Every structure is written in C-alpha cells, then in structure tokens.
Amino acid sequence: MSPVSWSRAYFERIRPTFLECWAEELRALAVSHVHLPLTPAEARALSVTPPLWRERLVASDPEGLHSLAARLQKALEGVEQGVFVRLGSGSPKDSALFREQGGCARTPMMALKFLQTSPRTRAHLSRFLELGHPVHLFVRHWVRIPPWQEFRCFMRNRRLVGISQLAHRGDTPEYSLAPRAEELGRTLQDFFVGVARASHVGSAVFDVWCDTGAGDGAPARVWLLDANPWGPASDACLFDWSQPEGFDGSFRYLK
C-alpha cells in the first residue's frame, strides 16, 4: 500500500511499529538516539522544500525550519562522525542525496535535505499532517554498517519464526556468513528472548544490526534498528508471505 493512501484504520494498525510508540524496554535494545518530537509548526515547515543548492537557511524560510535546524545543531554538537536522521515511521533512504552521502549528515541543513528529498518521508509527513498525528524525528550517531550485518527478524505471537539476511538481492554476497552462521543464528535467537519480553506488540518484523566483527573472532553484538508491520506490506526477504508454513524459525542467508 502506498504511504499516501494509508487509511486511518491501516494507519492505526501500523502505528505501533513507529519508533515513538515503542515501549521503553524495547528502546533500550535499540541503537542509541536523540528523540525530537516536532511542534506542529516544525512538522508543517519540514514539508516545505527550500532551494537545495543552499547551505543555510535564510530569513524568508519558515520559522519552523529555523527552530528545527537549531535543535538538529544541538544534536550534532560534539559528534564528529555526523548523524543519521529519520522519522519514527522510516528513514529517508530512498533519497538520492541520502545515498550519495552514505546517509551521513554533518550539518543541520544536510539532515533537512535528506528528509526533504525523500519521497517516502514527504509522503509520510503529508499523511501525518492530514491525520493529525504528531511527527517525531530520531537522530543517531552515524556508523557505517556493512550490509551483511543487517538482518530481518520475523516475530509472530512473540516467537521468532524466521531470520533473513536483509541484503538479499545480490547474486553473490560481499561477505560470506556461512562460517559463522550457526553462531550468528544463536546470537540472534538469544537477543530475541529479550525482544519478545520487551515488545509492546506480539507480531512484527524487526530489523537488527548484528556486529559480527567481520570474522575477526570478536563476539557478535546486536541492536534493534527498526520495526515493520507483520505481513506482506513488509519485505519477506528470503522468506515468502504466500508460504506461511515457511516461517519455520530458520536462519536464511546468501550462500
């Protein structure tokens, strides 16, 4: 379903997966972040795109953009590596500028540009404003996550029923997980004991970062990155929503 066609009923069904709706216990398992609930003026201003060649805001830009830029500047203070910024409902990864910059914003203006050049972010903003839903930003310290360290985990009725490598569309993986597959599978299963206990929803599709150490022998560490609604609206990766019996608890990755 296209974001701009969300019905209110569908919106209420998926809303619990937005980061701002997570239980505190679940947030404790996620990558650390700064939470910026936007004022209505800031949310409306974010939906307005200033000329993208600018490197700073000017007096004629909406006051809401100025106040939001000031709050982003505060979040950036002392963060040399830059930040990753997103809405609670999703990241601006469909922005060409975001991809060009590797998702790393080192200035408030670049963070605003990422959000404003993302069709998904703009569609979400538009629908939130129509439905009267508050808009929330989340700012994380930027870190380069190798694609092979991201996994999609399927939780049904608080049971982990499948784990898939998230970057699954290539013919050959950049890094083979085979030598550590058994260890990684156990690590993710152990992590999800805590997720199932902390989660405010019984069924969801979670994206996680499992820092494998690129095979250097270091123990893997896991953090939550995102949550998505259970069902075909979320990519099943190496599973298949049309074959529910296939969610057998297995760990699937590119060989």
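Residue check, residue 49 against (1) free of Cβ contacts under 8 Å to residues at least 24 places away in the same chain; (2) in a loop (DSSP other than H, G, I, E, B), all met but one. Which one?
Residue 49 satisfies all of (1) free of Cβ contacts under 8 Å to residues at least 24 places away in the same chain; (2) in a loop (DSSP other than H, G, I, E, B) except (1).
Looking at region 74-97 only, could you name the residues that are in contact with a strand residue (DSSP E or B) (Cβ under 8 Å, 6 or more places away or on another chain) and crowded, with 19+ Cβ neighbours inside 10 Å?
Taking region 74-97 as the starting set, the residues that turn out to be in contact with a strand residue (DSSP E or B) (Cβ under 8 Å, 6 or more places away or on another chain) are 75-76, 79, 81-88, 90-92.
Across region 74-97, the qualifying residues are 75, 76, 82, 83, 84, 85, 86, 87, 88, 90, 91, 92.
Tell me which of these residue 14 doesn't satisfy, since it passes every other one: (1) of a type outside the set (Ser, Thr, Tyr); (2) in the same structural domain as residue 116 (by TED's automatic domain parsing); (3) out of contact with any His (no Cβ under 6 Å at 6 or more places or on another chain).
Against the list (1) of a type outside the set (Ser, Thr, Tyr); (2) in the same structural domain as residue 116 (by TED's automatic domain parsing); (3) out of contact with any His (no Cβ under 6 Å at 6 or more places or on another chain), residue 14 comes up short only on (2).
Any idea which of 121, 117 is buried (at least 24 other Cβ atoms within 10 Å of the Cβ) and not small (Gly, Ala, Ser)?
Answer to the check: 121.
Right, residue 71: within 18 Å of residue 226 (Cβ to Cβ), surrounded by 15 or more Cβ atoms within 10 Å (Cβ to Cβ) and of a type outside the set (Val, Ile, Thr) or not? I'd like the intermediate steps shown before the answer.
On the way: within 18 Å of residue 226 (Cβ to Cβ): no; surrounded by 15 or more Cβ atoms within 10 Å (Cβ to Cβ): yes; of a type outside the set (Val, Ile, Thr): yes.
Answer is no for this residue.
Being closer than 24 Å to residue 210 by Cα, free of Cβ contacts under 8 Å to residues at least 12 places away in the same chain and not assigned by TED's automatic domain parsing to the domain that holds residue 202 is true for just one of 86, 99. Which residue is that? It would help to see each step written out before you state the result.
Working: 86 fails: free of Cβ contacts under 8 Å to residues at least 12 places away in the same chain.
Testing whether each residue is closer than 24 Å to residue 210 by Cα, free of Cβ contacts under 8 Å to residues at least 12 places away in the same chain and not assigned by TED's automatic domain parsing to the domain that holds residue 202 leaves just 99.
The values are calculated or read from the model by the stated rules, or taken from the named source; none is laboratory data. The shown structure was predicted, so the numbers you read here are calculated from the model rather than taken from an experiment. Note: ideal-geometry Cβ built from the backbone for every residue, glycine included; neighbour counts use all protein chains shown.
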